[in-house]
Amino acid sequence: MWSMVQNAWYGLSLGSVLLLAAIGLAITFGVMGVINMAHGEMVMLGAYTTFVVQEVIRTNYPALFDYSLLIAVPLAFLVAGFIGVLIERTIIRFLYGRPLETLLATWGLSLVLQQAVRTAFGPTNREVGNPSWMSGAFELGQITITYNRLWILCFTLAVFAILLAMLRYTALGLEMRAVTQNRRMAASMGIATSRVDALTFGLGSGIAGIAGVALSQIDNVSPNLGQSYIIDSFMVVVFGGVGNLWGTLVGAFTLGIANKFLEPVAGAVLGKIAILVLIILFIQKRPRGLFALKGRAVEA
Amino acid sequence: MLTQLTHGIATMTRRRALAATAGLVLGLAASSPFAPAQAADDTIKVGILHSLSGTMAISETTLKDTILFLIDEQNKKGGVLGKKLEPVVVDPASNWPLFAEKARELITKDKVAVVFGCWTSVSRKSVLPVFKELNNILFYPVQYEGEESERNVFYTGAAPNQQAIPAVDYLMKEEKVKRWVLAGTDYVYPRTTNKILEAYLKSKGVAQDDIMINYTPFGHSDWQTIVADIKKFGSAGKKTAVVSTINGDANVPFYKELGNQGIKATDIPVVAFSVGEEELAGIDTKPLLGHLAAWNYFESIKTPANEKFIKEWQAYTKNPKRVTNDPMEAHYIGFNMWVKAVEKVKSTDPDKVIDALPGIEAPNLTGGVSKMLPNHHITKPVFIGEIKGNGQFDVVWKTPGLVAGDAWSKELEGSKDLIGDWVGKKCGNYNTKTNKCGGQGS
């Protein structure tokens, strides 16, 4: 019984990491339809922002170390978001409607960003510390819950809720939905579609940057950080249903929990293979993922 | 040590890369009469084949710098045979087929006398045919799974009996460990090492139930389940230890999870074979305190040679915080052995140097003198170090003398009768039972 609860908790925690890594992609790929291979590098830039913030704090204001992550979150959003807007303006906007070229361009871009970071910060891992409130664990019944995982779960859900509210209740969110659903009509209503494109891409990238802050707490901060999440992120978005944020949420937690229930039985390596095979089979049956968009948007 | 994605890409593009290599070879053959005249004969070229981009850059860049540093030092002493050494650096970009292409380029186009390079076993296997075909010399500086002895390769890193087996001996004798977790990343080095360790533990009377073997994918970052399993396995009342062949990138999340779940080094120590000074320099060492690592060299070992090396290295890199590590020392030993062999035969001709190398002795940085053996491995001391807060190690145990590297493991059925002997038998896999060359490895 407790082992089931434990697996479920581990699954939720893995799911939250997957979700966090994938939310940004759910915007750039899911909503905008850009096959963004450089998504992982936005995550990496967020993690490196955390590193820089912690370095500055360590040398100048050591007392503030426990707040370093809170300071890093908005900065990471701005850094990654700014670079996202820059990429959209200089590269991606010339490639709308040409998925293959976009794929190649963003893949190349991801290599450029990796090597740029490698040149600037060196090829080795950079040290990002855990604040005291993210270290340690507590016992609940017979399971051990670690604080860093718990915080990441809460953080992910908060980011998801804020993003959802933003798309639902703000003017920018409304414009984004309008442009993605029917670009020409949105344009004739007076929406500056190319501006909205840039902002949407920036938003997706910025959220990837925020994910980087959280992932720096559980993973290595190295130029390769993004690579380890890009495949999983695409998997989650495609599995959940392209263009549907709730699909991404359900997809991430389903994959996380399935993975953690398979792992004790099949081992980590076979478990991962089994998940991939299951996804392939699932996509055969439902090519549009768990929650397929219906109606006019599908043809657009 | 290598990572998943590159590996995937490597497999994906291998066919294409082979085609490209074939094209390149044809092109070279066709154009060779018009190749630019050989650079003036007043330098000896030394090839450096380490990834400077891609996933392996994290480990290999330092080794490139090490060889550049060693060449610089040698040139200050007047070079070799009265000629200056000239480094030729190429970037195989963590791409295994590209390693073979770049090796070919170094040997045929740049006409290097020797190559220092490779980190992963798969990259070494990828360049092997090139070195055999073009008859050149490769110095390989990383600890590896053994089961190999090639005429053109000199292995200056540890074989399993120079790292893994002594580490297990230490845990068994000094820490009285009775239960064993063998945790590794899923590729050839951990699999072979764990096979050897399992056979070794069983020969020492450890029951099957007291051994837990666990493999994880490259770059594994979610260790919750496995750490919980280790915790459960370790609560059986017998002293438990983890022998870790987990690859570099996955280590940090592993130790973090151990720390967070409250497993201390005093309860279940972890002894790692791929965590060194360089890896520790980039991470928060809090969760690793007190855990162990087994190497043939630690930066913290106080000898005059080591202190001089560290000082000159930091001066050369203009970085007073730059650390040194085990594969760097392996290159240091290998480089000096090559220099000595060249000076002995007064030629850089690969055949002469290969024949001269076995028996050559060069001081290592920990106070001993390493010797090149007929099986192309070297003798090295083995140290167990405890991780300290500053990213360095406290040596807690060492082997009484130098350990000779076994090319073929004595623990495995398929290889226990094999030896490598390039002096007497002129054979890398000589079977001592049947007295034939070409025995079967496992």
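What follows draws every value from the coordinates through simple rules; no lab data is involved. Everything quoted here is computed from the prediction, not taken from an experiment. Using ideal geometry, Cβ is built from the backbone for each residue, glycine included, and neighbour counts are taken over all protein chains shown.
Please report, in debye to the nearest 20, how large the charge dipole of the protein assembly as shown is about its Cα centre when each Lys and Arg carries +1 at its beta carbon and each Asp and Glu carries -1 there. Please report the intermediate quantities before stating the final value.
On the way: 71 positive and 62 negative charges, 209 e Å.
Approximately 1000 debye in magnitude.
For chain B, with only Lys/Arg (+1) and Asp/Glu (-1) charged at the beta-carbon, what is the dipole magnitude about the Cα centre, in debye rounded to 20?
Values: 52 positive and 49 negative charges, 94 e Å.
Approximately 460 debye in magnitude.
So how strong a dipole does segment B:218-264 carry about its Cα centre when Lys and Arg Cβ are +1 and Asp and Glu Cβ are -1, to the nearest 20 debye?
That gives a dipole near 340 debye.
Indicate the gyration tensor shape class of segment A:1-160 (rounded, prolate or oblate), computed on the Cα atoms with a ≥ b ≥ c the square roots of the eigenvalues: a/c under 1.5 is rounded; otherwise a/b larger than b/c is prolate and the rest oblate.
Numbers: a/c = 2.48, a/b = 1.39, b/c = 1.79.
Oblate shape, in that a/c is at least 1.5 and b/c is the bigger or equal ratio.
Go through segment A:59-73 residue by residue and turn each phi into a ³J(HN,Hα) via Karplus (6.51, -1.76, 1.60, θ = phi - 60°); whole Hz please, and just put x for glycine and proline.
7, 9, 10, x, 5, 8, 4, 5, 9, 4, 5, 4, 6, 5, 4
Tell me, what ³J(HN,Hα) does each residue in segment A:35-43 have, in order and in whole Hz, if you take phi through Karplus 6.51 cos²θ - 1.76 cosθ + 1.60 with θ = phi - 60° and put x for Gly and Pro?
These are the phi-based 3J(HN,Hα) values: 6, 9, 6, 8, 4, x, 6, 5, 4 Hz.
Would you mind giving the mean number of other chain beta-carbons within 10 Å of the Cβ of each residue in A:140-151, as a whole number?
Numbers: counts 0, 0, 0, 1, 8, 3, 8, 1, 3, 4, 0, 0.
Neighbouring Cβ atoms belonging to other protein chains average 2 per residue here.
Just to confirm a number: summing +1 for Lys and Arg and -1 for Asp and Glu over residues other than A:Ala21 whose beta-carbon lies under 11 angstrom from that of A:Ala21, what do you get?
Details: positive: none; negative: A:Asp219, A:Asp232.
With Lys, Arg at +1 and Asp, Glu at -1, the neighbours total -2.
So which of B:Lys321/B:Lys398; B:Lys286/B:Lys318; A:Lys272/B:Lys388; B:Lys178/B:Lys286 end up more than 30 Å apart by C-alpha? Write down the numbers at each step before the final one.
Details: B:Lys321/B:Lys398 26 Å; B:Lys286/B:Lys318 28 Å; A:Lys272/B:Lys388 35 Å; B:Lys178/B:Lys286 27 Å.
Too far apart for the 30 Å limit: A:Lys272/B:Lys388.
Let me have the 222 nm mean residue ellipticity of chain A computed from DSSP H runs of 4+ only, each contributing -39500 (n - 2.57), with the sum over all residues rounded to the nearest 500. Can you show the working numbers first?
On the way: 12 runs with 213 residues, N = 300.
One gets -24000 deg cm²/dmol as the mean residue ellipticity at 222 nm.
Please report the orientation-averaged projected area of the protein assembly as shown, defined via the convex hull of its C-alpha atoms, in nm². Present the calculation step by step, with values, prior to reporting the outcome.
On the way: hull surface 140.3 nm².
If you wrap the Cα atoms of the protein assembly as shown in a convex hull and average its projections, you get 35.1 nm².
State the extension gain, in nm to one decimal, for the chain segment bounded by B:Ser203 and B:Asp110, taking 0.36 nm per residue of separation less the distance between their alpha-carbons. Intermediate values should be presented prior to the final figure.
On the way: separation 93, 0.36 × 93 = 33.48 nm, distance 4.98 nm.
Full extension from B:Ser203 to B:Asp110 adds 28.5 nm.
Check which residues have an amide H placed less than 5 Å from B:Thr216's amide H, if you skip close sequence neighbours.
Long-range HN contacts for B:Thr216: B:Gly184, B:Thr185, B:Asp186.
Going by the alpha-carbon gyration tensor, a ≥ b ≥ c the square roots of its eigenvalues, is segment B:156-253 rounded (a/c under 1.5) or, if a/c is not under 1.5, prolate (a/b greater than b/c) versus oblate? List each step's numbers first, then the result.
Details: a/c = 1.82, a/b = 1.09, b/c = 1.66.
Since a/c reaches 1.5 but b/c is at least a/b, the shape of segment B:156-253 is classed as oblate.
Could you give the angle, 0 to 90 degrees to the nearest 10, between helix B:224-233's Cα long axis and the longest principal axis of the Cα atoms of chain B?
Tilt relative to chain B: about 60 degrees.
For the cross-link pairs B:Lys232/B:Lys256; B:Lys45/B:Lys352; B:Lys45/B:Lys102, which exceed 21 Å when the distance is taken from alpha carbon to alpha carbon?
none
Under 16 Å from a label point 7 Å along Cα→Cβ of B:Asp351: give me every residue in segment B:134-162 with its amide N that close.
B:134-137, B:151-152
Return the long-range amide H neighbours of A:Gly226 (sequence gap of 5 or more, or a different chain), with a cut-off of under 5 Å between placed amide H atoms.
For A:Gly226, the qualifying residues are A:Met44.
At 222 nm, what value in deg cm²/dmol follows for chain B if DSSP H runs of at least 4 each add -39500 (n - 2.57) and the sum is divided by all its residues, to the nearest 500?
On the way: 12 runs with 164 residues, N = 442.
Rounded to the nearest 500, it is -12000 deg cm²/dmol.
Which Cys in chain B stand alone, with every other cysteine's Cβ at 4.7 Å or more from theirs?
B:Cys118
Out of B:Asn431, B:Val243, B:Thr55, whose Cα points farthest toward the positive end of the dipole of the protein assembly as shown (charges: +1 Lys, Arg; -1 Asp, Glu; placed on Cβ)?
B:Thr55
Take the cross-link list B:Lys83/B:Lys308; B:Lys204/B:Lys436; B:Lys76/B:Lys308 and give me the ones stretching past 23 Å between alpha-carbons. Write down the numbers at each step before the final one.
Details: B:Lys83/B:Lys308 25 Å; B:Lys204/B:Lys436 31 Å; B:Lys76/B:Lys308 15 Å.
Pairs exceeding 23 Å: B:Lys83/B:Lys308; B:Lys204/B:Lys436.
Which is farthest toward the positive dipole end of chain B among B:Pro217, B:Pro141, B:Gln314, measuring Cα position about the Cα centre, with Cβ charges +1 (Lys, Arg) and -1 (Asp, Glu)?
The listed residue farthest towards the positive side: B:Pro141.
How would segment A:2-299 be classified by its alpha-carbon gyration tensor: rounded, prolate or oblate, with rounded meaning a/c under 1.5 and the a/b versus b/c comparison settling the rest? Could you put the intermediate results ahead of the total?
Working: a/c = 1.66, a/b = 1.18, b/c = 1.41.
Oblate shape, in that a/c is at least 1.5 and b/c is the bigger or equal ratio.
Anyone know which of B:Gly389, B:Gly401, B:Gly205 comes out most mobile in the 10 Å Cα GNM of chain B?
Looking only at B:Gly389, B:Gly401, B:Gly205, the largest GNM fluctuation is found for B:Gly205.
Taking +1 at the Cβ of each Lys and Arg and -1 at the Cβ of each Asp and Glu, which of A:Leu75, A:Val17, A:Leu245 sits farthest along the dipole of chain A towards its positive end, judged by Cα position relative to the Cα centre?
So the residue we want is A:Leu245.
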